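The values are calculated or read from the model by the stated rules, or taken from the named source; none is laboratory data. The model shown is predicted, which means the values in this text are computed figures rather than measured ones. All Cβ positions, even for glycine, are placed from backbone atoms using ideal geometry, and neighbour counts span all protein chains on display. In case anyone asks, the SASA skips ligands and DNA or RNA and just uses the protein heavy atoms, side chains included. Shrake-Rupley method; radii C 1.70, N 1.55, O 1.52, S 1.80 Å.
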Amino acid sequence: MSSGQESVFSEYESDASQTSKLLRKFKETPFVPIGMAGFAVVVGYGLYRLKHRGDMKMSLHLIHMRVAAQGFVVGAITCGVLYSMFQEYVVKPKE
């Protein structure tokens with residue numbers, strides 16, 4: 001490896017622990033953990049409702065759960081992109 005690549009890797013390894021790396025990433029991109037948490041909530045609610053689905057077929061219930069979870073994640077990603085564009089182009093003064 002060249003010395004340039006070693007310096008990049010040492011920069012990422014300089015943090016004290018995995019937790020501090022994770023917290024730093026969450027501060028840089030706040031909508032990623034929101035999307036992950038929303039996905040987990042939708043899946044948890046879907047599994048809870050699995051017992052009380054009535055006459056609905058299992059496949060139809062799973063399709064609805066998948067679409068809801070994907071919709072939440074795509075919405076969180078879209079909000080994250082809009083937030084980063086707002087930060088870059090509106091809040092940051094142009095030089």
- Pick from the range 51-60, criterion open to solvent by 100 Å² or more (accessible area, probe 1.4 Å) and among the charged types (D, E, K, R), ranking: modelled with the lowest pLDDT: K51
- Counting only residues that are assigned to a loop (DSSP other than H, G, I, E, B) and over 17 Å from the mean Cα position of the chain (by Cα), the range 28-77 contains a total of 8
- Got a number for residues in the range 61-95 being of a type in the set (A, V, I, L, M) and either surrounded by fewer than 11 Cβ atoms within 10 Å (Cβ to Cβ) or within 20 Å of F26 (Cα to Cα) (or both)? 9
